[in-house]
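Written below as structure tokens is the structure these notes are about.
The values are calculated or read from the model by the stated rules, or taken from the named source; none is laboratory data. Just so it is clear, the structure is predicted and the values come from calculations on it, not from any experiment. Note that we place each Cβ from the backbone using ideal geometry, even for glycine, and neighbour counts take in every protein chain shown. For accessibility, only protein heavy atoms count, side chains too; no ligands or nucleic acids. Shrake-Rupley method; radii C 1.70, N 1.55, O 1.52, S 1.80 Å.
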Amino acid sequence: SDRSEYNGLREPIPVAVEVTSTNWEDDYLDKFEEYQRLGIPEYWIVDYLAIGSRGFLGNPKVPTVFVFGLESSGQYRRTSFTGGDRILSPTFPELSLTAQQILTA
């Protein structure tokens, strides 16, 4: 529950990025909770195959880049990007990529 007690973490991690695979629940649930608990300021999920649940991706499911920003409450705020949406990153404010560019790379 305390980042200082996590021996594997030597330097602060500003951004974690996960690309989903068949074990997508790890990215959407387990890693989400762990990164939030560790206080990682920004967490991305790149679901280029749209294999996550409809609860995240909608119906019909659409390939999506999610950017979660850690708020002062210690909880992540989710922003979703699809198609030609320009990715907005608190860590990289000058980033000039669209969701489509990332999803088809």
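Only residues in the range 28-39 that are farther than 16 Å from residue 67 by Cβ count as the first member; pair them with residues that are open to solvent by 80 Å² or more (accessible area, probe 1.4 Å), Cβ under 7 angstrom, at least 6 apart or cross-chain, and list the lot.
Close Cβ pairs satisfying both conditions: 37/1; 38/3; 38/6; 39/3.
With respect to residue 95, is the statement that it is over 13 Å from the mean Cα position of the chain (by Cα), open to solvent by 20 Å² or more (accessible area, probe 1.4 Å) and under 16 Å from residue 17 (Cβ atoms) true?
On the way: over 13 Å from the mean Cα position of the chain (by Cα): yes; open to solvent by 20 Å² or more (accessible area, probe 1.4 Å): yes; under 16 Å from residue 17 (Cβ atoms): yes.
For residue 95, the condition - over 13 Å from the mean Cα position of the chain (by Cα), open to solvent by 20 Å² or more (accessible area, probe 1.4 Å) and under 16 Å from residue 17 (Cβ atoms) - is met.
For the range 30-63, how many residues meet the condition of being among the acidic types (Asp, Glu), closer than 18 Å to residue 89 by Cβ and surrounded by fewer than 20 Cβ atoms within 10 Å (Cβ to Cβ)? Walk me through it before giving the result.
We begin by selecting, within the range 30-63, every residue among the acidic types (Asp, Glu); these are 30, 33-34, 42, 47.
In the following step, the residues that additionally are closer than 18 Å to residue 89 by Cβ were identified as 42, 47.
Filter once more, so that each one left must be surrounded by fewer than 20 Cβ atoms within 10 Å (Cβ to Cβ): 42.
Selection size over the range 30-63: 1.
Which members of the range 88-105 meet the condition of being among the β-branched types (Val, Ile, Thr) and over 24 Å from residue 37 (Cα atoms)? Before the answer, list the steps.
So the first thing to find is which residues in the range 88-105 are among the β-branched types (Val, Ile, Thr), and the list is 91, 98, 102, 104.
98, 102, 104, listed by residue number.
Taking residue 96 as the residue in question, decide whether it is without any contact (Cβ under 8 Å) to a residue 12 or more places away in the chain and not acidic (Asp, Glu). Before you say what the answer is, go through the steps one by one.
Working: without any contact (Cβ under 8 Å) to a residue 12 or more places away in the chain: yes; not acidic (Asp, Glu): yes.
In short, yes.
Spot the failing condition for residue 104; the list is (1) surrounded by fewer than 14 Cβ atoms within 10 Å (Cβ to Cβ); (2) without any contact (Cβ under 8 Å) to a residue 12 or more places away in the chain, and only one is missed.
(2)
Here's a check for you: in the range 15-42, which residue that is under 12 Å from the mean Cα position of the chain (by Cα) and part of a loop (DSSP other than H, G, I, E, B) is nearest to residue 61 (Cα to Cα)?
The qualifying residue nearest to residue 61 (Cα to Cα) is 20.
When the residues of the range 64-79 are narrowed to those that are farther than 16 Å from residue 13 by Cα and without any contact (Cβ under 8 Å) to a residue 12 or more places away in the chain, which ends up least open to solvent (accessible area, probe 1.4 Å)? Explain how you work it out, then say what you get.
Taking the range 64-79 first, the residues farther than 16 Å from residue 13 by Cα are 64-66, 72-73, 75, 77-79.
Adding the requirement that they be without any contact (Cβ under 8 Å) to a residue 12 or more places away in the chain leaves 72-73, 77.
On the way: 72: 134, 73: 80, 77: 115 Å².
Here the residue is 73.
Have a look at 67, 62, 46 and point out the one that is at pLDDT 95 or above and part of a loop (DSSP other than H, G, I, E, B). Walk me through it before giving the result.
On the way: 67 fails: part of a loop (DSSP other than H, G, I, E, B); 46 fails: part of a loop (DSSP other than H, G, I, E, B).
Among 67, 62, 46, only 62 is at pLDDT 95 or above and part of a loop (DSSP other than H, G, I, E, B).
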